[in-house]
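Q: There's a structure below that I have some questions on.
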Amino acid sequence: MPLGASVSSVWPVLHYDDTDAALTFLGDVLGFTQQVVARGDDGQVAHAELRWPGGGALVFGSTRHTDSVHGRMRAGSSAVYVVSDEIDAVHRRALAAGGVVLEAPHETRFGSGAAAYVCTVEDPEGNLWTFGTYRGSSEA
């Protein structure tokens, strides 16, 4: 890496009222893997770091922990896009878990005009998760 260059990544941060249900849904249904799960004195997940198999990470915690700037966050008010080639598998797992599928797998075009195969599911607290094959503009 050239001198002065830096590596950057984006980690969305979400908060949940029921952190154990979120941990189960995000792992067992959507397919994230647990890296760190730290519980507070109340037994609730205070901080969790999850990884996506194709790269990327997600952080989440409890809405009960209000002692930081993230304490302003409310459950169910986020939308996340996840790049994946396993759209049908995510859809099947969501259906099998009784999840809410807002958009079944289908071909679409994003604002960039690029074609993608996507599906959108809602997690138990109302956050939207779109899984799609679109990997971003080639003009990055």
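What follows is calculated from the coordinates using simple rules that are stated; it is not laboratory data. Small disclaimer: the values here were computed from a predicted structure and weren't measured. Because the Cβ atoms are built from the backbone with ideal geometry, glycine has one as well, and the counts that use them run over all protein chains shown.
Q: For Rg/Rh (Cα atoms, Kirkwood Rh), several values are listed as [x] 1.00; [y] 1.16; [z] 0.96; flag the one computed from this structure.
A: Evaluating Rg/Rh (Cα atoms, Kirkwood Rh) on these atoms matches [x].
Q: Taking only Cα atoms and a 10 Å spring cutoff, compute GNM fluctuations for the chain and point out the largest among G54, G111, G99.
A: Looking only at G54, G111, G99, the biggest GNM fluctuation is shown by G111.
Q: Could you tell me what percent of the DSSP beta bridges with both partners in the chain are antiparallel, to the nearest 5?
A: Working: 22 of 31 bridges.
That works out to approximately 70 percent antiparallel.
Q: Okay, moving on. Within the chain, which is the longest segment containing none of the trypsin sites (Lys or Arg not before Pro) that sit in a DSSP loop and have at most 13 other Cβ atoms within 10 Å? Write down the numbers at each step before the final one.
A: Numbers: sites that count: R74, R135.
The segment 1-73 is the longest one with no such site.
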